[in-house]
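Let me begin by presenting the structure, written as structure tokens, before commenting on it.
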Amino acid sequence: MVTGNVLSRRGFLAGATSLGLTSGRAASTGTPGRIVVLDWALAETLIALGLAPLAVAEAPLYRQRVVEPALPPGTQDVGLRNWPNLEAIRSLRPELILTLEGYGAPPARLEAIAPVRALPLYTAERQPLHLARQAVRDLAALLDRKAQGARLLADLEQALAPVHSDAPSVLILKFADDRVIDIYGSGNLFDDVIKAKGLWNAWNGPTNIWGFASGGIEELARHPEARLLIIEPAPPAPLRESAIWRAMPQVRAGRFSILPPAWVFGGVPSAIRFSGFLEAT
């Protein structure tokens with residue numbers, strides 16, 4: 001039923017007929033079946049397709065960091081994304097588990113519980129936006145949500161329309177604490193978004209497989225002309241009150257924006273959400 005990490009469409013159909021996931025009944029009633037999702041990008045994509053997951057890993061934290069699309073009421077939590085509670089998942093009797101390829105619990109342990117669909121987003125090819133689009137197509141086809149998937153992708157294309165900005169370049173960052181920042185560049189979803197919208201990412205240094213680099217606040221001073229796009233949480237109070245923060249050229253010039261939470265490792269819904277924030281800055 002499962003080939004490697006990825007459930008074949010034929011295998012899924014055989015195991016999910018009783019759910020109505022492939023029938024007109026599923027499309028008309030919105031019944032999602034018993035689907036457990038271990039990655040937030042896939043969870044938000046599933047919800048954007050009009051399906052409610054039975055459970056999501058780290059559901060309370062999803063509400064803080066992903067925010068929208070909101071988890072439906074009653075969504076259960078099944079532990080950490082990188083190491084979920086397998087017994088909790090088993091007790092829910094899922095018919096499908098969605099997970100990120102190459103991350104988290106070993107596929108063999110998940111396959112012992114239910115059919116698994118593992119989708120790639122962050123790979124050596126470093127094309128997360130492209131893979132996020134493909135994830136929409138794959139899930140829409142698998143769950144009989146092709147019309148909803150087409151609308152979601154159309155919304156993305158509309159959101160990616162070029163934006164007019166006076167800033168010659170931008171830096172996308174989050175504060176890990178008052179000394180360490182994560183700066184997002186090549187290989188990250190939001191880097192793909194700003195480039196699609198005609199903006200220039202000032203960060204051209206190396207990044208990890210997730211498309212970010214960590215460093216000290218002094219990294220900001222090396223890009224004095226860039227506009228800072230700071231994803232909440234905002235800089236810690238001790239830093240904001242410090243002389244080093246006030247001395248930053250972007251801060252002195254008021255060339256920074258604090259953006260609401262958005263999932264930097266998300267899928268198409270997060271890309272649309274972040275694009276909307278860019279329009280408002």
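The values are calculated or read from the model by the stated rules, or taken from the named source; none is laboratory data. These figures come from a predicted structure and were not determined experimentally. Backbone-built Cβ (ideal geometry, glycine too); neighbour counts: all protein chains shown.
Among (1) modelled with pLDDT of 95 or more; (2) more than 27 Å from Ala243 (Cα to Cα), which single condition is Leu171 missing? The failed condition is (2).
Among the residues of the range 102-155, those that are surrounded by 14 or more Cβ atoms within 10 Å (Cβ to Cβ), closer than 19 Å to Ala55 by Cβ and more than 16 Å from the chain's Cα centre (by Cα) comprise Ala105, Pro107, Leu110, Glu111, Ile113, Ala114, Pro115, Val116, Arg117, Leu142, Leu143. Which numbered condition in (1) under 17 Å from Gly266 (Cβ atoms); (2) not in a helix (DSSP H, G or I) is the only one that Tyr62 fails? Here Tyr62 meets the rest and fails (2). In the condition set (1) within 30 Å of Leu49 (Cα to Cα); (2) of a type in the set (A, V, I, L, M); (3) modelled with pLDDT of 95 or more, Leu278 is compliant with all but (3). Need the failing condition index for Thr22 against (1) out of contact with any Leu (no Cβ under 6 Å at 6 or more places or on another chain); (2) part of a loop (DSSP other than H, G, I, E, B); (3) modelled with pLDDT under 95, just the number. Going through the list (1) out of contact with any Leu (no Cβ under 6 Å at 6 or more places or on another chain); (2) part of a loop (DSSP other than H, G, I, E, B); (3) modelled with pLDDT under 95, Thr22 breaks only (1). Inclusion of Ser165 among residues that are touching a Ser or Thr at 6+ places or on another chain (Cβ under 9 Å) and hydroxyl-bearing (Ser, Thr, Tyr) is warranted. You will find that of Arg90, Arg63, the residue that is of a type in the set (Lys, Arg), within 18 Å of the chain's Cα centre (by Cα) and either modelled with pLDDT of 95 or more or crowded, with 17+ Cβ neighbours inside 10 Å (or both) is Arg63 and no other.
Close contacts from the range 191-208, counting a first residue that is within 18 Å of Arg273 (Cβ to Cβ) and a second that is β-branched (Val, Ile, Thr) and in a loop (DSSP other than H, G, I, E, B), with Cβ to Cβ under 8 Å and a gap of 6+ residues or different chains, come to Lys197/Val163; Leu199/Val163.
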